[in-house]
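Accompanying notes for the structure given below.
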Amino acid sequence: MVARTRNSALWPALAMPGILWLLLFFLAPLYVVLAIVFGEVDPIFRTPIPVWNPLDWNPAQFSYVLTHIVGANGVFGPALLRTGVYVLAASALCLLIAFPVAYYTARLSGRWVGILLTALIAPFWISYMMRMLAWVNLLQDDGLVNRMLGLGGLFHVDTHWLTGQPVVVVLGLVYGYVPYMILPLYAGLDRLPQATLEAARDLGADRFGSFWRVTLPMCRPTIVAAVLLTCLPMLGDYFTSDMLSASPKTAMVGNLINDSVQSPGQTGQAGAFVMLVLLVTVLPMFYYVRVTARGDEVST
């Protein structure tokens, strides 16, 4: 009886640091954002005045954002729609690139796994800004990309890559965030039970059939987690578009947030955009929890 009581108290104690972390660094900042979104604006200095009592919240700033998404005054709608398209396209490309790399590293690389993991982690050693600046140099009008397309001067190529090209922004997102997808995929593929995979081959499945019917379903939670870990930071990204485009034609919701924060009296609108992004990200998170729960039920 005493041992059972100790075990029942052990798990809450182990979970307490994580709970405190969420309270301090997620729920508390989230409440600050809500207090600013539904707060007031100083009429003279145009600074936000947070309102901490929910009974006194003013939905004017949040309503302003909602009423300017669609319709005749829908100035924010294109950026929000563009963000969804860019993130979906970049996430799909990341998955197409990352899954074969992670699968080879986890299942087929053999003694080279250490070197490959080092190569996969290496991009994290370099600043994201420096990596984007490298692409800026490559994509300039007289950069290496145009010179290669012109075969070293045989043809005149005058493509302006850095003037609002959506494909450049999407490929920049892929380049910047694909390592975030490779590592979770590798971790999940590396943990697949080898006995189950060998059983599929023993029962007559060929290599493709074993992959399609056994490996892929077993790593579905890992794929969902990797896609979430990649697309969630993409939703708030503004730096990639600023560096590789700096054009309103490719502005994303992150750019709206950044511009609103820097504009006097619009901090509440920035918070409203943050809340919209949070609401959008909650849905795939619920899906991930559901997929994970089903996987646990099947494994038990």
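Values as computed for the structure displayed
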{"quantity": "Cα principal axis extents for region 91-222, largest first, Å", "calculated": "59, 30, 27"}
{"quantity": "Per-residue HN-Hα couplings for region 265-274 [Karplus 6.51, -1.76, 1.60; θ = phi - 60°; Hz; x = Gly/Pro]", "calculated": "x, 10, 5, x, 5, 4, x, 5, 4, 4"}
{"quantity": "For region 208-223, Karplus couplings with θ = phi - 60° (6.51, -1.76, 1.60), whole Hz, Gly/Pro x", "calculated": "5, x, 5, 5, 6, 9, 10, 5, 5, x, 5, 9, 4, x, 5, 5"}
{"quantity": "Hull-based mean projected area of region 67-150, where the convex hull spans the alpha carbons, in square nanometres", "calculated": "9.5"}
{"quantity": "Overall form of region 1-127 per C-alpha gyration tensor (a/c, 1.5; a/b vs b/c)", "calculated": "oblate"}
{"quantity": "Peptides ranked, highest mean first, by Cβ atoms within 10 Å: ranges 84-91, 264-271, 123-130", "calculated": "264-271, 84-91, 123-130"}
{"quantity": "Highest-fluctuation residue, 30, 22, 276 considered, GNM on the chain with Cα pairs under 10 Å", "calculated": "22"}
{"quantity": "Reported label for calculated Rg and Dmax of the Cα atoms in Å given (1) 24.4, 78; (2) 18.1, 55; (3) 24.0, 85", "calculated": "(3)"}
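Since every read-out is calculated from the coordinates, none of them should be taken as a lab result. Every value quoted in this text rests on a predicted model; they were computed, and no experiment measured them. Neighbour counts run over all protein chains shown; Cβ positions are idealised from the backbone, glycine included.
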